[in-house]
Amino acid sequence: MADIIQLLPDNVANQIAAGEVIQRPASVVKELMENAIDAGSTQIDLVIKDAGKTLIQVTDNGGGMTYTDARMCFERHATSKIKSADQLFQLTTKGFRGEALASIASIAHVDLKTKMPDEDLGTQLHIEGSNVTEHEPCACPDGTSIQVKNLFFNVPARRNFLKSDQVETKHIVEEFLRVAMPHNDITFSMHHNGDEVYFLPAGNRKQRLISIFGKQYDERLVPVDEETTIVKLSGYVGKPDKAKKTRGEQYFFVNNRFIKSPYLNHAINNAYSELISKDHFPSYFLFMEVDPQSIDVNIHPTKTEVKFEEEKSIYAILQSAVRNSLGKFNVMPTLDFNQEATFSEFIDPNRPVVEPEIKIDTTYNPFEKEKQAKLNNGGSSIRHAERSTFPSNPSTNTQNWESLHEVTRSSGVNSEQTVETDLNQSEQRKMFQISDKYIFTSIKSGYVVIDQYRAHYRILYDAFIQQIEHRNGESQGLIFPETVELSKTDFKLLNAIEDELKILGFAYQKEDYTINITAKPSSLDEVPSADIIAQLLDNFKMNADNNNVSPKETIARSLASGTAIRKGKKLNPQEISDLVDRLFACEDSQYAPNGKKIIINFTFEDIEKQFN
């Protein structure tokens, strides 16, 4: 039998490795920027075109390479970082496996120019799909400039799986920030299609975060600083009242390397327990320094997953440090056992003490009150009815209850399609609010429970969709403009949906990365503009990878979900009736825009089964 096992050609092996290391243009950005950091650069510039599909260029002022090293760096498993397996647990550099450049060169056209500071001439190299077509001396600045063009040109199947330019650019920006954030001593810049996206000058850590996320973060960040024999922890966490509905602003770094850790994320969530609602997520930018020998960064090709020797201890330290920081900066409530804070706030130490005056009603007779109560024959129940939100006329209430029982004595099988008909046919239907969350009412075949938030969510969503489609949004001018400061990324995202916002009734003036809102939709009059814009942008970020949700739908969902009446809001009878009427005027009254049920109906058969 002939031998069938053979070695793969280098170009094929490199393309297979590229499938693990280079998943999209953002992967190239990560690898090239990390190489620039390892080269000792103080300035790194990123230029991309067409979301990295046409061009990715990274230029640095680092140490550069020799003529021979410029060629060797594209060989598979060629590295200057390690020489033995033991050094895998002493790593302080970003790259070390020697796979990235070889993988990139196998699926793209690559141009490299590099020069060491003490050399007169540099080296230029051109590679197409692992084939070196040019390698010669050249005149160029100190450092390295590498251009990656026509990514996946020889692997069309991989190129076809790339998302839209907007989605791929989002991933590139994310990788850029993950590298730039911990290296605040390096100046970074990013340009896309000729436009500057970021310019991040060297500075301290807080300055770097403010440069990325905007000036408003100066007041949102709470410092965290804890040093133990296991880990040195530093960085910032966000104030609880600034928590968002997306996980976007959550960053862990270990020895200046970005990592993902659901386990450590759980520690942060525990630190914020009872401070934020379950559907919100805190922001954090935390930097951990540990002994390189106590972690393993070689368990995943992208090196974003790390194994800790002291994982449980780090969890406890992290949770405690965050809670202490929130308490220290008066974000969490603290107890002072030396004084009663409830009263001290109202005590004026300069006010003279006045003896309290005691008043006694000498005509009070408790037996007279009891006698009067008997004569009223249940008057207390009537007084209670007057204080309730329902009509206080006893005879009317009695009639309503009688008609209600007449309706509920009917039986039959009910379905979602008949709920609306049954409600409309019950002219004297009585509706109750339960726990300030649900609306309960009877129909001919049983009972109906309506989620008041989801009902209002559906009503508002349909209204916003119609306003956008018919371009007839109602605007409410503001007496005092409301200012909202944005990061560069959010500002560009807002510009992309500017037409839809103006149709709905928004009017604003732009200045740098700040907008001054002078008018907004009348239905949002009582909601702060900063909250509206923040939630709107968060929803766009969440749906960035979802091609099934249009910008129009994202805007309508965001505005509707943010302004719908919440569970816990008490409604009067007229508000309850209006809400139900408007709900059943909607084309789809059974489900909210997020697909969740609005109405649950119980037939008499359903109820009887519970007693069998």
| request: Inspect region 246-253 for any residue being under 23 Å from Thr304 (Cα atoms), in contact with a Pro (Cβ under 8 Å, 6 or more places away or on another chain) and at pLDDT 90 or above and give the result as yes or no. | output: yes
| query | Do we have Leu460 as among the hydrophobic types (A, V, I, L, M, F, W, C) and modelled with pLDDT under 90 here? | reply | no
| request: State whether the residues of region 83-94 include one that is outside any loop (DSSP other than H, G, I, E, B), modelled with pLDDT of 95 or more and on the phi < 0 side of the Ramachandran plot. | output: no
| query | In the set Thr123, Thr144, which member is under 19 Å from Gly62 (Cβ atoms) and in contact with a Gly (Cβ under 6 Å, 6 or more places away or on another chain)? | reply | Thr144
| message | Anything in region 506-533 that is in contact with a Leu (Cβ under 9 Å, 6 or more places away or on another chain) and under 17 Å from Gly248 (Cβ atoms)? List them, or say none. | response | Ile533
| request: Could you run through region 147-194 and say how many residues are assigned to a loop (DSSP other than H, G, I, E, B) and under 28 Å from Glu128 (Cβ atoms)? | output: 12
| message | Could you check region 582-596 and list, in sequence order, the residues that are modelled with pLDDT of 90 or more, charged (D, E, K, R) and exposed (fewer than 15 other Cβ atoms within 10 Å of the Cβ)? | response | Asp588, Lys596
| field | Top-ranked residue in region 440-467 [being in contact with a Phe, Trp or Tyr (Cβ under 7 Å, 6 or more places away or on another chain) and hydrophobic (A, V, I, L, M, F, W, C); ranked as nearest to Leu583 (Cα to Cα)] | value | Ile450
| said: Within region 101-112, does at least one residue satisfy the condition of being touching a Cys at 6+ places or on another chain (Cβ under 8 Å), modelled with pLDDT under 95 and open to solvent by less than 60 Å² (accessible area, probe 1.4 Å)? | reply: yes
| Of the residues that make up region 530-552, is at least one open to solvent by 20 Å² or more (accessible area, probe 1.4 Å) and touching a strand residue (DSSP E or B) at 6+ places or on another chain (Cβ under 6 Å)? | yes
| query | Which of the residues spanning region 251-296 are open to solvent by 30 Å² or more (accessible area, probe 1.4 Å) and part of a strand (DSSP E or B)? | reply | Phe281, Glu289, Asp296
| message | Testing Leu151 on (1) out of contact with any Asp or Glu (no Cβ under 7 Å at 6 or more places or on another chain); (2) farther than 30 Å from Lys278 by Cβ; (3) surrounded by fewer than 20 Cβ atoms within 10 Å (Cβ to Cβ), one condition comes back false. Which one is that? | response | (3)
| remark: Among the residues of region 154-188, the number that are modelled with pLDDT of 95 or more and surrounded by fewer than 18 Cβ atoms within 10 Å (Cβ to Cβ) is 1
| message | Please pick out the residue among Ile599, Ile565 that is open to solvent by 30 Å² or more (accessible area, probe 1.4 Å) and either among the hydrophobic types (A, V, I, L, M, F, W, C) or touching a Leu at 6+ places or on another chain (Cβ under 9 Å) (or both). | response | Ile565
| Conditions (1) closer than 29 Å to Ala496 by Cβ; (2) in contact (Cβ under 8 Å) with a residue 24 or more places away in the chain; number of the one not met by Pro201 | (2)
| query | Which one of these does Asn269 not meet: (1) in contact (Cβ under 8 Å) with a residue 24 or more places away in the chain; (2) more than 30 Å from Leu55 (Cβ to Cβ)? | reply | (1)
| If you take the residues in region 49-78 that are open to solvent by 60 Å² or more (accessible area, probe 1.4 Å) and outside any helix (DSSP H, G or I), which one is modelled with the lowest pLDDT? | His77
| task | Can you tell me which residue within region 1-48, out of those that are part of a helix (DSSP H, G or I) and among the charged types (D, E, K, R), is modelled with the lowest pLDDT? | result | Glu20
| task | Name every residue in region 566-612 that is part of a loop (DSSP other than H, G, I, E, B) and within 24 Å of Val549 (Cβ to Cβ), in order of residue number. | result | Arg566, Cys586, Glu587, Asp588, Ser589, Gln590, Ala592, Pro593, Asn594, Gly595, Lys596, Ile598
| said: Looking at region 547-561 only, could you name the residues that are modelled with pLDDT of 85 or more and of a type outside the set (Gly, Ala, Ser)? | reply: Lys552, Glu553, Thr554, Ile555, Arg557, Leu559
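Sort out which residues of region 202-250 are out of contact with any Asp or Glu (no Cβ under 6 Å at 6 or more places or on another chain), part of a loop (DSSP other than H, G, I, E, B) and open to solvent by 40 Å² or more (accessible area, probe 1.4 Å), and write them in order of number.
Result: Asn204, Glu219, Arg220, Thr228, Thr229, Lys239, Arg247, Gly248.
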| remark: Counting only strands (runs of 3 or more DSSP E) wholly inside region 427-524, the ones holding at least 2 residues that are open to solvent by 40 Å² or more (accessible area, probe 1.4 Å) are 431-434, 438-443, 475-485, 507-511
| query | So how many residues does region 437-485 have that are in contact with an Asp or Glu (Cβ under 9 Å, 6 or more places away or on another chain) and at positive phi? | reply | 1
| said: Given the criteria farther than 12 Å from Thr66 by Cα, open to solvent by less than 60 Å² (accessible area, probe 1.4 Å), modelled with pLDDT under 95 and touching an Asp or Glu at 6+ places or on another chain (Cβ under 9 Å), does Ser145 qualify? | reply: no
| Positions within region 562-581 being modelled with pLDDT under 85 and of a type in the set (S, T, N, Q), in sequence order | Thr563
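The values are calculated or read from the model by the stated rules, or taken from the named source; none is laboratory data. What you see is a predicted model; the values in this text were computed from it and never measured. Backbone-built Cβ (ideal geometry, glycine too); neighbour counts: all protein chains shown. We work out accessible area using only protein heavy atoms, side chains counted, and drop any ligands, DNA or RNA first. Shrake-Rupley method; radii C 1.70, N 1.55, O 1.52, S 1.80 Å.
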